[in-house]
Structures are given as C-alpha cells and as structure tokens.
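The values are calculated or read from the model by the stated rules, or taken from the named source; none is laboratory data. Predicted model, so just to flag it, every value in this text is computed and none were measured. Ideal geometry is used to build each Cβ from the backbone, glycine not excepted, and the neighbour counts take in all protein chains shown. When the accessible area is computed, the model is the full protein with side chains, heavy atoms only, and any ligands, DNA or RNA have been set aside. Shrake-Rupley method; radii C 1.70, N 1.55, O 1.52, S 1.80 Å.
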Amino acid sequence: MDKQRRNFLKKTGAAGVVALAAGASAPESSLAQGAGPGASPGSPAAPKRMTFVTLRSGDAYGLGVKTDLGVLDVTKTAKFLRSPAPTTIEDLIHRGDRGLTELVKVALARRTPGFFISEDRAEFGPCVTNPEKILCVGLNYARHARETNNPIPKLPILFNKFNNSLNSHGGTVRVSSIPAERFDYESELVIVMGKKARNVSEAEALSYVFGYCNGNDFTARDLQSRSSQWMIGKTCDGFGLLGPYLVTADQVDPNNLKTEGTVNGEVRQSSNTSDMVFNCAQIVSYASTLMTLLPGDVIYTGTPEGVISGYPKEKQVWLKAGDRLTTTIEKLGTLRFALT
C-alpha cells in the first residue's frame, strides 16, 4: 500500500503533496479566514463550490463529493492519502475544510477509478445525519396558505421533527406501519446551518448557512389534526427526507429556485421559492432570536401549493404503499423515495 501511495503522489506531483501536508498542519484558528461575514475568530473555513452526499455502508455513514467522475469516496481517499480531511458531513460542518479541497483536487488529477462511485451504484444516507435541531416552517408559501384556507402568517410558524424521522434519497417510508391513513407530501427547500447563530440580523443571516438541500416534510394529516400541535403527524420514523445533495451556500440563491414535486410521475407541486412568505434570511434571523442555532441544524422552509390537503375533499386521494415520489429543486437535484 505504501508503494502504491508513493506512486500515486509521485504522479500527482509535489504540489499535491505539499497541499495535503499543509491541510494537516494548519492551526484550526487560522481557518476562519474566508468563513464569511459574521464568523467568529474560531469559525472554521467552509469549503466553496462543492456538492456533498452522505454515503451509507451498513450502519456507517461517510462523506462523498459529487464530481464529473462520479461521487468521490472521501473516507477511502483520505485513508489512502493519510489526509486529515473530514470524512463525515458532521465533521466537515463543525470543523471546516481541513484539506478537503486539496484532497478533491489531487483525486481528480489522478483519476483513480477506485476512489469514485457512480451515482446509480451509490447507497445514500441523509445528507445531514445528526442535527441537534430539526425546525420546520408552516404555511410559508402564500398560495399554499390560501389553498388550505389559512391566513397569511404574520410571523414564521415553527414546529419540529426529530432525528428518528431522517431519511434519504432512495429511501422508503413505511406507511403501512403507521396508524394513519391520510399521508401527504411536502416538497421543501432545506437550510443547513454552518455557524453558531444567536440574534443575527437578516442582513447577516445567510452568511451563517453552510448549504441547502431538497427535503420532503412527509406528513400524516389525520395525526397532524388530532390536536392543535402538529408534531405527531410530522415526526414518525422516516418522515424527514433529505438529499441527495447538500450544496454549499455560495452556489445557491435561495430566494429564486424552481421547486417541483411528483407522485408516480405526475407533477403535483410546481412553484418557486420567491412565493415564500418569509425568505431564508428572515427565517434564520427570527429563529436565532428564540434559540441558539448550531452548525448542522436543519430548517425545512415550508412547502408550496399542491398538497393533497389543499384539494377539495372529493378529490383527495391520499398516498399509499407502492407510490413513488420525487422532490426537485433547481440547482439541488432530485430527491427520490418510495412508500411501502
């Protein structure tokens, strides 16, 4: 293995060796440079212009980077190159790049097939796997509020999911195991926090965001409506879908993204995040006045019109086992999942 590694680095060039070594030795306090407005001196530098996935291997999760050659298996590559680069999405969000950017450059330069996985062969996990908080915003699209005969909210309506609900691209929701009948979809843009945020202004709020991903706030409407509290209809196992990608914030304008949701190939939701009542900066700023947001926290920003609960009652055909759903958001790819 050592001989293979030496040959790899020799072919890659001295610059790659120096860059990887620099990633190992850079003090973490120095990584705050380039971390964005509002970063504290100890904030780690976030990677730029990257698209991440979580790769699943049994019960373990590892970091992947989407490239033109396929998904780079960072765990495998970092071990081979003895790089200090983060190998999980949590490590990356909490501790910064630490040589990851250079690792990707070296791997792409060498083009070693064993480091890359084609997406159709990859097994995905949720693109964020252990958030401290999962917040959701209700009735946050004007047309959605109107279709459900609700007033436009004057402040963001916040509720929660828990980690047991996390699910992935290519995952399944076991509706047959849930004591409910009125299952509904909610395609949503999801914010992933990158820095600790407390009482941040709207002007600075987006600089605290690590990236964005597709989400589906899957819901059992009959459970949701049992009381004025929505939680039990929102946080059953597998009801929090995320993925396939987590796209760094520098590549996304969250205020103007086409959003589409399908059921068995039929388009059910088609809108744009410009219809949000409260945009992403307003959501982050408002939530940070109520609680401290931490790196890795997830915020579902609300669903557009077209949900089943917004149909006239005579046209409401609820989801069932065997249905296949997608959520597609501009620049963020397509999240696919099935019901069993």
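Is it the case that some residue within the range 275-283 is farther than 30 Å from Asn199 by Cα and at pLDDT 95 or above?
Within the range 275-283 (the criterion being farther than 30 Å from Asn199 by Cα and at pLDDT 95 or above), the answer is no, since none of the residues qualifies.
Here is a yes/no grid of residues against (1) touching a Gly at 6+ places or on another chain (Cβ under 9 Å); (2) open to solvent by less than 50 Å² (accessible area, probe 1.4 Å); (3) closer than 20 Å to Tyr141 by Cα; (4) among the aliphatic types (A, V, I, L, M):
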{"site": "Asp217", "(1), (2), (3), (4)": "yes, yes, yes, no"}
{"site": "Gln224", "(1), (2), (3), (4)": "yes, yes, yes, no"}
{"site": "Gly243", "(1), (2), (3), (4)": "yes, yes, no, no"}
{"site": "Leu257", "(1), (2), (3), (4)": "no, yes, yes, yes"}
{"site": "Val263", "(1), (2), (3), (4)": "no, yes, no, yes"}
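Can you list the strands (runs of 3 or more DSSP E) found entirely within the range 136-200 that contain at least 1 residues being modelled with pLDDT of 95 or more and among the hydroxyl-bearing types (Ser, Thr, Tyr)? Let's see the steps before the verdict.
Numbers: elements: 157-161, 166-168, 171-173, 187-193.
Of the strands (runs of 3 or more DSSP E) lying wholly inside the range 136-200, those with at least 1 residues that are modelled with pLDDT of 95 or more and among the hydroxyl-bearing types (Ser, Thr, Tyr) span 166-168, 171-173, 187-193.
Restricting attention to the range 99-128, which residues are modelled with pLDDT under 95 and not in a helix (DSSP H, G or I)?
Residues satisfying the conditions are Arg111, Thr112.
Does Arg121 count as at positive phi and open to solvent by 20 Å² or more (accessible area, probe 1.4 Å)? First the steps, then the outcome.
Numbers: at positive phi: no; open to solvent by 20 Å² or more (accessible area, probe 1.4 Å): yes.
For Arg121, the condition - at positive phi and open to solvent by 20 Å² or more (accessible area, probe 1.4 Å) - is not met.
Please specify each residue of the range 226-241 satisfying the condition of being of a type in the set (Gly, Ala, Ser) and open to solvent by less than 30 Å² (accessible area, probe 1.4 Å). Before the answer, list the steps.
Start the filter on the range 226-241 by keeping residues that are of a type in the set (Gly, Ala, Ser), which leaves 227-228, 233, 238, 240.
Matches in the range 226-241: Gly233, Gly238, Gly240.
Can you name the condition, by its number, that Arg49 falls short on among (1) at pLDDT 95 or above; (2) surrounded by 14 or more Cβ atoms within 10 Å (Cβ to Cβ); (3) assigned to a loop (DSSP other than H, G, I, E, B)?
Among (1) at pLDDT 95 or above; (2) surrounded by 14 or more Cβ atoms within 10 Å (Cβ to Cβ); (3) assigned to a loop (DSSP other than H, G, I, E, B), the lone unmet condition for Arg49 is (2).
State yes or no: is Gly215 part of a strand (DSSP E or B) and not aliphatic (A, V, I, L, M)?
For Gly215, the condition - part of a strand (DSSP E or B) and not aliphatic (A, V, I, L, M) - is met.
Across the range 141-156, which residue is nearest to the chain's Cα centre (by Cα) among those that are within 21 Å of Gly261 (Cβ to Cβ) and open to solvent by less than 60 Å² (accessible area, probe 1.4 Å)?
Tyr141
Val267: closer than 22 Å to Lys161 by Cβ and aliphatic (A, V, I, L, M), yes or no?
The answer is no for Val267.
Suppose the filter is closer than 23 Å to Cys213 by Cβ, part of a loop (DSSP other than H, G, I, E, B) and at pLDDT 50 or above; does Ala39 pass it?
On the way: closer than 23 Å to Cys213 by Cβ: yes; part of a loop (DSSP other than H, G, I, E, B): yes; at pLDDT 50 or above: no.
It is false that Ala39 is closer than 23 Å to Cys213 by Cβ, part of a loop (DSSP other than H, G, I, E, B) and at pLDDT 50 or above.
Could you list, in sequence order, all residues of the range 65-98 that are open to solvent by 10 Å² or more (accessible area, probe 1.4 Å), assigned to a strand (DSSP E or B) and without any contact (Cβ under 8 Å) to a residue 60 or more places away in the chain?
Thr67, Gly70, Asp73 - these are the residues of the range 65-98 that are open to solvent by 10 Å² or more (accessible area, probe 1.4 Å), assigned to a strand (DSSP E or B) and without any contact (Cβ under 8 Å) to a residue 60 or more places away in the chain.
Of everything in the range 307-340 that's farther than 17 Å from Gly171 by Cα and open to solvent by 60 Å² or more (accessible area, probe 1.4 Å), which residue is farthest from the chain's Cα centre (by Cα)? Write out each step before concluding.
Filtering the range 307-340 for residues farther than 17 Å from Gly171 by Cα gives 307-318, 329-332.
Going one step further and asking which of them are open to solvent by 60 Å² or more (accessible area, probe 1.4 Å), we end up with 311-315, 317, 330-331.
Details: Tyr311: 29, Pro312: 32, Lys313: 33, Glu314: 35, Lys315: 32, Val317: 29, Glu330: 14, Lys331: 13 Å.
Once the filter is applied, the top-ranked residue is Glu314.
Go through (1) open to solvent by less than 10 Å² (accessible area, probe 1.4 Å); (2) of a type in the set (Gly, Ala, Ser); (3) under 23 Å from Ala281 (Cβ atoms) and name the single condition Ala203 misses.
For Ala203, the failing item is (1).
Within the range 147-185, restricting attention to residues that are among the basic types (Lys, Arg) and touching a residue at least 12 places away in the same chain (Cβ under 8 Å), which residue is farthest from Pro131 (Cα to Cα)?
So the residue we want is Arg182.
Could you count how many residues in the range 226-241 are within 16 Å of Leu135 (Cβ to Cβ) and hydroxyl-bearing (Ser, Thr, Tyr)?
Qualifying residue count for the region: 1.
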